[in-house]
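*Asks:* First, the structure itself, so that you have it in front of you.
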Amino acid sequence: MKKIFLSLLFVASLLSQAQETTTNDALRYALNNLTGTARFRGMSGAFGAVGGDLSAINVNPAGSLFFTNNYASVSSSLYTIHNRSDYFGTTTRENFSSLDLNQIGAVLVFNDKSGKTDWSKIAVALNYDNTNNFDTEIFSKGTNPSNSIDRYFLDKAQGLPNEFVELQPGESITDLYTYLGEQSGLGFPAQQAMMAYQAYLLESDGPGSYYSNVNYAGGNFRQENYISATGYNGKFSANIATSYKNRLFLGMNLNAHFTDYVKTTSVYESNSNPLFSTGDTVRDIQFDNELYTYGTGFSLNLGVILKVTEEFRYGIAYESPTWYQLNDELSQRLIVNSTDGIANFKEVVAPNVVNVYPTYKIQTPSKITFSGAYIFNKKGLISIDYAMKDYSNIKFKPTSVSLFSDLNTQMSQQFKNAYELRIGGEYKIKQWSVRGGYRFEESPYKSTSEMSDLIGYSAGLGYNFGESKLDFAFANDSRSQNVAFLSSGMTDAARIRTKNNNITITYSIYF
């Protein structure tokens with residue numbers, strides 16, 4: 001009877017709510033960190049008209065033609081992240097470090113010295129870069145004067161018939177949670193409501209109507225949010241490029257993307273508000289989630305570099321959208337401690353079920369980069385890149401799913417066409433090379449109250465042994481953003497100031 005009622009009433013109206021997806025999930029794949037070789041990082045990635053570096057082909061694929069010999073490099077980076085959180089006047093700090101092998105690649109250079117063709121040079125390269133390192137830890141805490149975590153669960157529960165949150169004779173929490181998750185008409189919202197009801201966080205006062213056992217008298221809810229994330233976004237590029245009369249350089253990349261992301265969150269709340277005169281009063285709540293996202297994607301790059309003189313070069317490059325196919329897996333647990341003034345009660349609702357959701361797609365925005373470089377006396381260079389990316393074009397697919405359609409509309413209204421500026425320089429002193437750089441990334445949001453602009457600086461040093469090179473770089477960047485404790489209902493956010501310090505070492509050989 002329950003299944004019949006479900007199919008008649010809910011499949012049409014709640015089909016899109018099978019899982020919890022937000023605009024942040026799409027933005028995670030549209031934003032890229034500055035990664036790559038030490039030389040690339042030392043100049044803040046300003047390589048669109050410079051080339052001659054394996055990570056530079058990610059900016060402009062024509063850059064592989066500026067290698068004079070066959071070449072290979074491998075890079076490793078130490079990431080140090082400092083997160084400072086401000087939540088209702090309370091400041092907390094969390095530091096995290098990780099070590100990663102972030103780049104490896106090689107290029108083969110073919111020269112036609114016969115003089116029979118103007119297309120005298122071809123370069124073929126294969127390169128892998130970690131385009132994003134997701135490793136981080138964030139801890140926020142503070143006293144919320146007005147909102148409890150219970151509002152998240154009330155938001156999911158209201159209007160849901162009582163029979164979907166109540167256990168039937170012989171039915172376990174695991175059985176009911178699994179059943180709700182398998183029914184696409186109810187899915188995620190019903191699972192949240194059921195857990196809250198079974199933990200006595202929510203009670204029912206009529207068909208489809210619920211109230212909370214949290215007493216709001218006095219407010220002041222002491223809340224904490226711990227976020228731990230691990231994972232990466234990687235890109236494998238196959239590059240081919242050719243030159244015309246050593247003046248016009250053309251290149252193309254075909255890119256395969258790989259992503260693996262695990263995010264663990266634990267939201268905690270306690271309060272000392274007066275007890276209700278009858279029934280239970282919730283004293284503290286702990287809500288744990290673990291999200292695992294994995295998948296693949298595809299993109300391509302096209303690039304042109306024009307050598308106007310031996311000193312001046314100009315470049316333009318196009319990076320297509322990346323088309324991702326992603327999968328989400330989610331596990332949850334809710335712990336609620338209550339009291340009736342005489343006895344204390346602890347309810348642990350742990351379904352021990354992993355929700356495996358249908359594959360969905362994300363399309364990130366395309367990017368155009370304009371570049372210029374000045375090379376002086378073969379001893380140094382100055383390079384500038386200016387790039388544009390319209391984040392309002394991010395899309396969830398299939399768009400026939402109403403949740404994805406709503407999110408796409410939301411992103412088109414919240415996000416904007418943002419620009420990025422990178423400036424880098426290099427100077428050679430015998431076998432040594434000294435580098436420095438600056439970059440600015442405009443916020444993808446129309447309002448910087450959601451996420452601020454990013455500002456970064458870098459410095460680097462290299463030594464050429466003749467047949468091989470060793471390069472070092474230090475890069476620093478910082479930006480602030482709002483991070484909500486929960487996705488709906490109680491959406492109060494902490495302001496997170498993130499500072500990234502990266503040390504990269506690259507070993508390269510000519511062969």
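*Asks:* Identify the residue in the stretch 393-402 that is surrounded by fewer than 18 Cβ atoms within 10 Å (Cβ to Cβ) and over 10 Å from ILE362 (Cα atoms) and, among all such residues, is modelled with the highest pLDDT.
*Replies:* ASN393
*Asks:* Before we move on, is THR174 touching a Lys or Arg at 6+ places or on another chain (Cβ under 8 Å), open to solvent by 40 Å² or more (accessible area, probe 1.4 Å) and within 30 Å of ALA350 (Cβ to Cβ)?
*Replies:* On the way: touching a Lys or Arg at 6+ places or on another chain (Cβ under 8 Å): no; open to solvent by 40 Å² or more (accessible area, probe 1.4 Å): yes; within 30 Å of ALA350 (Cβ to Cβ): yes.
It is false that THR174 is touching a Lys or Arg at 6+ places or on another chain (Cβ under 8 Å), open to solvent by 40 Å² or more (accessible area, probe 1.4 Å) and within 30 Å of ALA350 (Cβ to Cβ).
*Asks:* Is it the case, given these coordinates, that GLY181 is surrounded by fewer than 22 Cβ atoms within 10 Å (Cβ to Cβ) and not acidic (Asp, Glu)? Outline the logic, then answer.
*Replies:* Details: surrounded by fewer than 22 Cβ atoms within 10 Å (Cβ to Cβ): no; not acidic (Asp, Glu): yes.
No; evaluated as a whole, the condition is false for this residue.
*Asks:* Another question about this same structure. Could you tell me which numbered condition ALA190 fails, if it satisfies all but one of (1) open to solvent by less than 50 Å² (accessible area, probe 1.4 Å); (2) more than 30 Å from ALA30 (Cβ to Cβ); (3) touching a residue at least 40 places away in the same chain (Cβ under 8 Å); (4) among the aliphatic types (A, V, I, L, M)?
*Replies:* Only one criterion is unmet by ALA190, namely (3).
*Asks:* While we're on this one: Any idea which residue in the stretch 47-68 is surrounded by the most Cβ atoms within 10 Å (Cβ to Cβ), counting only those that are among the aliphatic types (A, V, I, L, M) and in contact with a helix residue (DSSP H, G or I) (Cβ under 9 Å, 6 or more places away or on another chain)?
*Replies:* Narrowing the stretch 47-68 to residues among the aliphatic types (A, V, I, L, M): 49-50, 54, 56-57, 59, 62, 65.
After this cut, where a residue has to be in contact with a helix residue (DSSP H, G or I) (Cβ under 9 Å, 6 or more places away or on another chain) as well, the list is 49-50, 54, 56-57, 59.
Working: ALA49: 34, VAL50: 28, LEU54: 32, ALA56: 28, ILE57: 31, VAL59: 29.
Taking the candidates together, the pick is ALA49.
*Asks:* Which one is nearest to the chain's Cα centre (by Cα), of the residues in the stretch 46-87 that are part of a loop (DSSP other than H, G, I, E, B) and among the β-branched types (Val, Ile, Thr)? Can you show your working first?
*Replies:* Residues of the stretch 46-87 that are part of a loop (DSSP other than H, G, I, E, B), as a first pass: 46-54, 59-60, 67-70.
Narrowing the set further to residues that are among the β-branched types (Val, Ile, Thr) leaves 50, 59, 68.
Working: VAL50: 28, VAL59: 20, THR68: 36 Å.
The selected residue is VAL59.
*Asks:* Across the stretch 197-250, which residue is nearest to SER64 (Cα to Cα) among those that are among the β-branched types (Val, Ile, Thr) and open to solvent by 40 Å² or more (accessible area, probe 1.4 Å)? Outline the logic, then answer.
*Replies:* Pass one, the stretch 197-250, residues among the β-branched types (Val, Ile, Thr): 214, 227, 230, 240, 242.
Still in the running and open to solvent by 40 Å² or more (accessible area, probe 1.4 Å): 230, 240.
Numbers: THR230: 32, ILE240: 8 Å.
Within the stretch 197-250, the match that is nearest to SER64 (Cα to Cα) is ILE240.
*Asks:* Exactly one condition in (1) more than 30 Å from SER55 (Cα to Cα); (2) in contact (Cβ under 8 Å) with a residue 12 or more places away in the chain is not met by THR278; state its number.
*Replies:* So the condition that THR278 fails would be (2).
*Asks:* Every residue in the stretch 361-410 that is polar (S, T, N, Q) and within 30 Å of GLN431 (Cα to Cα), please. Spell out the reasoning first.
*Replies:* Taking the stretch 361-410 as the starting set, the residues that turn out to be polar (S, T, N, Q) are 363-364, 366, 369, 371, 377, 383, 392-393, 399-400, 402, 405, 408-410.
Listed by number, the residues that qualify are SER371, ASN377, SER383.
*Asks:* When the residues of the stretch 499-511 are filtered to those that are outside any loop (DSSP other than H, G, I, E, B), of a type outside the set (Lys, Arg) and open to solvent by 50 Å² or more (accessible area, probe 1.4 Å), which remaining residue is farthest from ASN147 (Cα to Cα)? Full working, then the answer.
*Replies:* Pass one, the stretch 499-511, residues outside any loop (DSSP other than H, G, I, E, B): 499-510.
Pick out the ones that are also of a type outside the set (Lys, Arg) and you get 500-510.
Right, trim to open to solvent by 50 Å² or more (accessible area, probe 1.4 Å) and you get 503, 505, 507, 509-510.
Values: ILE503: 42, ILE505: 48, TYR507: 53, ILE509: 59, TYR510: 62 Å.
Within the stretch 499-511, the match that is farthest from ASN147 (Cα to Cα) is TYR510.
*Asks:* Evaluate the following for SER412: is it without any contact (Cβ under 8 Å) to a residue 24 or more places away in the chain, surrounded by fewer than 20 Cβ atoms within 10 Å (Cβ to Cβ), part of a helix (DSSP H, G or I) and of a type in the set (Gly, Ala, Ser)? Steps first, answer last, please.
*Replies:* Values: without any contact (Cβ under 8 Å) to a residue 24 or more places away in the chain: yes; surrounded by fewer than 20 Cβ atoms within 10 Å (Cβ to Cβ): yes; part of a helix (DSSP H, G or I): yes; of a type in the set (Gly, Ala, Ser): yes.
Yes; evaluated as a whole, the condition is true for this residue.
The values are calculated or read from the model by the stated rules, or taken from the named source; none is laboratory data. Worth saying up front: this structure is predicted, and the values here are computed from it rather than measured. Neighbour counts run over all protein chains shown; Cβ positions are idealised from the backbone, glycine included. Just the protein is used for accessible areas: all its heavy atoms, side chains included, with ligands, DNA and RNA removed. Shrake-Rupley method; radii C 1.70, N 1.55, O 1.52, S 1.80 Å.
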